[in-house]
Amino acid sequence: MRNRQMFFAGAVLAAAMVVGCDKKEDSGMGTKAPAPVSNKMPDMANLKDKAGDMKDKAVTAGNDAVAQGKDMASDMTKQAQEKIAQIKEAISTGKLTDADAMLKQLDALKAKLPQSVQDQITDLRKQVDDGMSRLRNLGGLK
């Protein structure tokens, strides 16, 4: 019985080898032969022209980005100056809570603004805080 099992296992193994070793058509899934190597040198003048064009485009794009950034910073500074004028008006008319609310909006942008504008915001914050403190001491602000 043991011999029969060995014979059967050997027959199955041999059949598997015969089936597995059949010549198959290339399905395109296997590895392909590498493309032939060309000994032709690239056109260096053409490569230099392309590199120069790419550099010019990169410089232009960089300059455009810088200009756009300056425009945005200029617009932000202009808006901050307008808000500062409104805060000064609110302080002069005694509307300290309004001035405080507007200053909180500017405080969020303060780091993105030029130093001169940051200094103005700091001075206005001190004026508003001092004024609100005086009102609290007099009992006019809770």
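Throughout, read-outs are computed from the coordinates displayed, never taken from laboratory work. It should be emphasised that the depicted structure is a prediction, and the values quoted were computed from it without experimental measurement. Ideal geometry is used to build each Cβ from the backbone, glycine not excepted, and the neighbour counts take in all protein chains shown.
Quick notes on this one:
- Label-to-label distance for residue 44 and residue 63 is 3.0 nm, based on points extended 7 Å past Cα in the beta-carbon direction.
- Pairwise label distance in nanometres, residue 101 with residue 78, each label 7 Å out on the Cα-Cβ vector: 2.6
- Extension gain for residue 53-residue 123 works out to 20.2 nm (0.36 nm per residue, less the C-alpha to C-alpha distance).
- Neighbourhood net charge (14 Å Cβ-Cβ; Lys/Arg +1, Asp/Glu -1) for residue 57: -2
- Cross-link pairs 55/78; 95/126; 57/78; 83/126 - those with Cα-Cα distance over 24 Å: 55/78; 57/78
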